[in-house]
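The values are calculated or read from the model by the stated rules, or taken from the named source; none is laboratory data. Remember, it's a predicted structure, so these values are computed and weren't measured experimentally. Here the Cβ positions follow ideal geometry from the backbone for every residue, glycine too, while neighbour counts run over all protein chains shown. When the accessible area is computed, the model is the full protein with side chains, heavy atoms only, and any ligands, DNA or RNA have been set aside. Shrake-Rupley method; radii C 1.70, N 1.55, O 1.52, S 1.80 Å.
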Amino acid sequence: GVASGWSEQFSPAQQSGGAAWRAALLADADSLGSGAFRTLVDSYNDDELQRLMTNLGGHCYETLIEAFDRAAQSDGRVCFLAYTIKGFGLPLAGHRDNHGLYLTSQQFEAFRASHGRSQANQWEP
């Protein structure tokens, strides 16, 4: 399927940064005659491309809520495709083995702090 093809082709770039994304995205661009696509990809530096490609919208609650609200106004059928990354926002995001990986104590403390939580209130809603 599309998701498995995407994962096989692009998952390695998750951990490798913008240059890897650029190579993966442009691998077939020239043979497809897609100069406009190359121009688009080249308009991002490596850091920007890494941020863009590792946050394709499936994790943005505001965007999802807006899309659901717009869909509710339609009488037609609506399909949502939201690409998400396992472990989004964590050092192991997108790693092929991340279901079996653990955060170090320092990584977990940084994660907790980034969400405004402490050990005392980490389980509060």
With the first residue restricted to segment 86-105 and required to be basic (Lys, Arg), and the second required to be open to solvent by less than 60 Å² (accessible area, probe 1.4 Å) and part of a loop (DSSP other than H, G, I, E, B), Cβ contacts under 7 Å at 6 or more apart or on different chains are Lys86/Gly94
Apart from one, (1) aromatic (Phe, Trp, Tyr); (2) assigned to a helix (DSSP H, G or I); (3) farther than 28 Å from Ala24 by Cβ all hold for Trp123; the odd one out is (2)
- Query: touching a Phe, Trp or Tyr at 6+ places or on another chain (Cβ under 8 Å) and not small (Gly, Ala, Ser): does that describe Leu103?
  - Reply: yes
Considering residues that are of a type in the set (D, E, K, R), surrounded by 10 or more Cβ atoms within 10 Å (Cβ to Cβ) and under 25 Å from Arg22 (Cβ atoms), the number found within segment 48-106 is 4
